[in-house]
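Have a look at the structure below, then the notes.
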Amino acid sequence: MVLRSSFFIASILLLTACGGGSSKNDAIPSESPEEKGASLYTVNCASCHGEDGKLGSSGAKDLSVSKLNDKQIEKIIRKGKNAMPSQEAILETDANIKLVIEHVKTLKNKP
Ligand code: HEC
């Protein structure tokens, strides 16, 4: 138990320290689907789109005003578009892609 919780804290510190760098997709095995989607987004998407989806770095579209549906979001994640490279290999699994799509949709509701 002690070992487990210190691993958990170490993972959090690692994630915070990297801040969207190249850390592992599944650094925290015990997180909920929502948390996993959010951390996948932070690690793989926030460098261009920003935590709130509005950053617009390298011409990235503002995800908070995006009107795309699940299928369209999935296509862009898998195939990429213009300056956005395909994220399919980086996200590794279909399950991870689904979690990220769910997280992208939560960004739309934020003012
Ligand atoms: C290297 C920078 C970069 C990264 C990393 C990146 N994107 Fe993008 N993204 C872009 C750019 C640039 C566009 C605009 C493409 C276009 O339409 O020309 C875009 C567009 C999108 C769109 C379409 C929005 C719209 O309304 O047209 C979605 C959805 C999206 N990105 C999701 C993601 C997700 C999810 C991730 C992480 C898995 C991600 N992006 C990672 C640069 C990036």
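The values are calculated or read from the model by the stated rules, or taken from the named source; none is laboratory data. Quantities reported herein were computed from a predicted structural model and do not represent experimental measurements. Reconstructed Cβ throughout: ideal geometry from the backbone, glycine too, with neighbour counts over all protein chains shown. Surface accessibility is based on the protein's heavy atoms, side chains included, excluding ligands, DNA and RNA. Shrake-Rupley method; radii C 1.70, N 1.55, O 1.52, S 1.80 Å.
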*asked:* Quick check on my filter: what residues within the stretch 1-56 are modelled with pLDDT under 55, under 21 Å from VAL104 (Cα atoms) and β-branched (Val, Ile, Thr)?
replied: THR16
*Go through (1) surrounded by 14 or more Cβ atoms within 10 Å (Cβ to Cβ); (2) more than 10 Å from the ligand (Cβ to nearest atom) one by one and return the number of the condition CYS45 breaks.*
(2)
*If you check every pair at least six apart or on different chains, which have Cβ atoms under 7 Å apart with a residue in the stretch 44-58 that is closer than 19 Å to ASN25 by Cα first and a residue that is modelled with pLDDT of 95 or more and open to solvent by 70 Å² or more (accessible area, probe 1.4 Å) second?*
ASN44/ILE90; CYS48/LEU55; HIS49/LEU55
*Find the residue count for the stretch 67-84, including only residues that are near the ligand (Cβ under 6 Å from one of its atoms), out of contact with any Gly (no Cβ under 8 Å at 6 or more places or on another chain) and either open to solvent by 80 Å² or more (accessible area, probe 1.4 Å) or touching a residue at least 12 places away in the same chain (Cβ under 8 Å) (or both).*
4
_Condition check: at positive phi, within 11 Å of the ligand (Cβ to nearest atom) and in contact with a Ser or Thr (Cβ under 8 Å, 6 or more places away or on another chain). Does GLY53 satisfy that?_
yes
*Take the residues of the stretch 85-111 that are touching a helix residue (DSSP H, G or I) at 6+ places or on another chain (Cβ under 8 Å) and in a loop (DSSP other than H, G, I, E, B): which is nearest to the ligand (Cβ to nearest atom)?*
GLN87
*Looking at SER58, SER32, SER64, which one is of a type in the set (Ser, Thr, Tyr) and in contact with a Lys or Arg (Cβ under 7 Å, 6 or more places away or on another chain)?*
SER64
